[in-house]
Every structure is written in structure tokens, then in C-alpha cells.
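Heads up: the structure comes next, in C-alpha cells.
The values are calculated or read from the model by the stated rules, or taken from the named source; none is laboratory data. Keep in mind that this is a model prediction, so the values were computed, not measured. Neighbour counts run over all protein chains shown; Cβ positions are idealised from the backbone, glycine included. Note: accessible area is taken over every heavy atom of the protein model, side chains too, but ligands, DNA and RNA are not part of it. Shrake-Rupley method; radii C 1.70, N 1.55, O 1.52, S 1.80 Å.
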Amino acid sequence: MLTGVTDGFFCCLLGTPPNSVGPLESVESSDGYTFVEVKPGRVLRVKHAGPALAPTPPPPPPLDAAQGDRSGLVRCQRRITVYRSGRLLVENLGRAPRADLLHGQNGSGEPPAALEVELADPAGSDGRSNPGSAGSGSGGRRRRARRPKRTIHIDCEKRITSCKGAQADVVLFFIHGVGGSLAIWKEQLDFFVRLGYEVVAPDLAGHGASSAPQVAAAYTFYALAEDMRAIFKRYAKKRNVLIGHSYGVSFCTFLAHEYPDLVHKVIMINGGGPTALEPSICSIFNMPTCVLHCLSPCLAWSFLKAGFARQGAKEKQLLKEGNAFNVSSFVLRAMMSGQYWPEGDEVYHAELTVPVLLVHGMHDKFVPVEEDQRMAEILLLAFLKLIDEGSHMVMLECPETVNTLLHEFLLWEPEPSPKALPEPQPAPPEEKK
């Protein structure tokens, strides 16, 4: 505590944030880490591992549709209507394979035929309820506000297949959130590498061993999203699975929206609801950097209480380790104030056609379970799994449970539609004697 106060005092006098990390040159290391320069002076540390990092195999020959081979094919049909009153109507026009994903699955079952919700912050809204919206007692003249502002039609066919570790065209991307590093994925990285998967896990800018620019604009959502785009384009293959935690879920959503043909599945761990990002005005992270540095021991203890279901020796040791949760006050302040992403609203998420597994720790004090439930309702192909023993850092608290859920989702593929089943052949007529 005294060290933090002393460093904060010198920070106020000198005007420089302590523990700043300088830029690193782009190098390859022998321990599985790669330092990738995503743009001049901006270098990210990446964990790239796998049993055999072989080149992508040639694509298989196209399936013969005339033979009725429709295994894994899913027809995504959806109509999204945005009304001027700020209401969103999502109509599922086809059958989505939401059942029989995992045994004991929470929240599984067929999606509703239509879902009508109120946008969190509709464009052009002043924040007040519209008297012309549904359920109001106003006259018919005011109900003209129900006229659609825009309508989005989705009608596509996707092939969802089992992703096995021995398949060289499968890559797993792990993206951490604010304050963490790729070290929070250690149990998952080791587990999936042993199963034969190729894994990629970057440190966000200012986190772990990545460079930490001393400019707040380097930590906006858009700047970090472009970093993740560069990493994705460097390592992506034919079938890519994105796994994100907390703020990292937003970058997974961004990549899945940008590259629908390359992102095969998405896993969201305690990521929150499908709402646009906007930094909070009244937040402790708006305080000066030097003050935040003085409060860093208190912030670390508060995170321990809110991020973990238990506060034992194991959890305290995680905060003492230098690789994870060791972020300068300047980076932490810039990350929190840079979470501005107005495009990532309910409509943006409703447009996703990739299958998504949502994992939520029931003791999470940062993300209420209602937010992940709302996310599961908005997404077209979503499965929600609740872990009673976990909290916000559920991948550290319950690694075996999380690894099992992730692996089952990777191996899952939808059952063939009735059209794909061969028709029974009539029995041959018996010969007359």
C-alpha cells in the first residue's frame, strides 16, 4: 500500500505514469511466444502453439448436393425490423438447431418465433418513452411511429461441423478482457494443445508483455479491434473459433461480424448483454492516473472480491503474479474510457449467424446473469451454460468444467435435417411359388 502511494505521489510531481512498458521489436522466441508488430511502434505478444503448426491443407472437394448430403447444413432465416419508436422485432423464419447441444444444457430449446424488445439506446431517441409505441394508451394517429425505420432480411445457409484437434484447418483464438493477459487462459491453452488444437492468444495493447503506448487514443475499442483484426488475419485458417472473456467478447463479436465465412463458432464467457458500448461518466476510472495508482491496492482487493467466488490463497496468488492483472493505471484508465462502440447494439448482434456458446459464472458481480440471458435471446444460434461454482474469472476458478464445455461445443454439429435422411426403400416383392 505504501509503495503505491509513494509512486502515485511521484507520478503527480513528474507527470508520467509509473511502470510504463516501452515498445518491443518484432521477434520470434523459442518458448512459443511471438511479438507481432501490428502497426509501426505497436507490438503485441502472441502465444501461438500447437502439436504441429503445418500449413493449411487444400480444401476438400465440394459436396454433391444432388446426393442429398446436407450434414451440418443450417438454414438461417431471420427478419429484423427496427421501428422509429425504438423497438426491435426479431422474427425467426426457419428452424434453428438449439436443442441437444449439451447434456443438462441451461436455456436450451427452440427459439421463439418472434422476439420484440426495446433498444437500449435507439438512434434519435431522447431517452423518454414514445407515446406511439406498443402498449401505450394514445390514439391511432400517434401509432404511426410503429412504421419500420429499416428492415434487415437474413437468408443464408451455413455448414456447421465438428472441430477436432487433429484437423489442421481449425484454429482457436483466445482474447482476454481489461486488466488481464493471455496468462488467464493457461489452463485452456494447455488443455487444447494436448488435444491437438492450434491455439492463438494475444496480449492486448498495454497488457502482459505487449507494448503500452502512452496515448489514450491507443486504447479505444476501434484501435484494439484493429489489432485483433491484424492478429486474426495473420493466423486464421478455414475454420476459426473465437473465445472471448468479458471485454474480449466484444472483439470476438466484431470479428464474427466482419468475417462470417471464416469464423466457424464463437464462445462468450461472462461477456454481458447485446448492447452498444459507452463509457460511464460517473466512474472511479475517470479520476487522474496518479490517484488511481494510489488506489491500486484497493482496486486489486475489490477485483478479488468481485471477480472470484472465493478469496483463498489460490485467488490471491493470481493477483500477485506478474503476468496477469498487472496493468498500469494509465492503461487501465484509457481502456475504461475508450469503451465506445455504438454500432455493437442489439441489431448488430441479431445479425450474427454463427453458433455461439455463452458461459456464465453465477457468482459474477460484474456481469448479471440477466445480461447473458438477453444475449442468448437476441442471437440466432445461441446456447447458454451456467456454472454455479464460478464467478467472473470462471476459466481460472473452474478450469475443468470450462474446458469440458468448450470442447463439447467444438465437437458439436447439428443433426441432419429430415431432408438429409434417406427415404426408406420399399421391400422387394416376394416371388410367387
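Yes or no, residue by residue, for (1) part of a helix (DSSP H, G or I); (2) out of contact with any helix residue (DSSP H, G or I) (no Cβ under 8 Å at 6 or more places or on another chain):
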site	(1), (2)
373	yes, yes
390	no, no
403	yes, no
408	yes, yes
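In this structure, is residue 254 modelled with pLDDT under 95, in contact with a helix residue (DSSP H, G or I) (Cβ under 8 Å, 6 or more places away or on another chain) and either under 24 Å from residue 350 (Cα atoms) or in a helix (DSSP H, G or I) (or both)? Against the criterion (modelled with pLDDT under 95, in contact with a helix residue (DSSP H, G or I) (Cβ under 8 Å, 6 or more places away or on another chain) and either under 24 Å from residue 350 (Cα atoms) or in a helix (DSSP H, G or I) (or both)), residue 254 does not qualify.
Here's the yes/no breakdown for (1) modelled with pLDDT under 95; (2) open to solvent by 30 Å² or more (accessible area, probe 1.4 Å); (3) among the hydrophobic types (A, V, I, L, M, F, W, C); (4) touching a strand residue (DSSP E or B) at 6+ places or on another chain (Cβ under 6 Å):
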site	(1), (2), (3), (4)
36	no, no, yes, yes
39	yes, yes, no, no
73	yes, yes, yes, yes
82	yes, no, yes, yes
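Of all positions in the range 424-433, at least one carries a residue that is modelled with pLDDT under 95, open to solvent by less than 100 Å² (accessible area, probe 1.4 Å) and either assigned to a loop (DSSP other than H, G, I, E, B) or within 28 Å of residue 199 (Cα to Cα) (or both).
For first residues located in the range 30-50 and over 11 Å from residue 209 (Cβ atoms) and in a strand (DSSP E or B), partners that are open to solvent by 30 Å² or more (accessible area, probe 1.4 Å) and among the polar types (S, T, N, Q) and lie 6+ apart or on another chain with Cβ distances below 7 Å form the pairs 36/26; 37/26. (1) open to solvent by less than 10 Å² (accessible area, probe 1.4 Å); (2) without any contact (Cβ under 8 Å) to a residue 60 or more places away in the chain: which one isn't true of residue 171, the others all being true? All conditions pass for residue 171, except number (2). Candidates in the range 214-251 are the residues that are outside any loop (DSSP other than H, G, I, E, B) and charged (D, E, K, R); of these, the one that is least open to solvent (accessible area, probe 1.4 Å) is 227. Inclusion of residue 203 among residues that are in contact with a strand residue (DSSP E or B) (Cβ under 6 Å, 6 or more places away or on another chain) and modelled with pLDDT of 95 or more is warranted.
Is it the case, given these coordinates, that residue 390 is modelled with pLDDT under 95 and open to solvent by less than 20 Å² (accessible area, probe 1.4 Å)? Yes: the conditions hold for residue 390. Would you please name the residue that is nearest to residue 190 (Cα to Cα), looking only at residues in the range 153-167 that are assigned to a loop (DSSP other than H, G, I, E, B) and open to solvent by less than 40 Å² (accessible area, probe 1.4 Å)? The qualifying residue nearest to residue 190 (Cα to Cα) is 165.
Only one entry of 197, 222 meets the criterion of being at pLDDT 95 or above and more than 17 Å from the chain's Cα centre (by Cα), and that entry is 197.
On inspection, residue 204 does not qualify as outside any loop (DSSP other than H, G, I, E, B) and open to solvent by less than 20 Å² (accessible area, probe 1.4 Å).
Within the range 317-333, the set of residues being at pLDDT below 75, assigned to a helix (DSSP H, G or I) and either under 22 Å from residue 223 (Cβ atoms) or touching a helix residue (DSSP H, G or I) at 6+ places or on another chain (Cβ under 7 Å) (or both) comprises 318, 319. Out of 217, 230, 209, one residue alone is at pLDDT below 95 and farther than 19 Å from residue 268 by Cα. It is 209.
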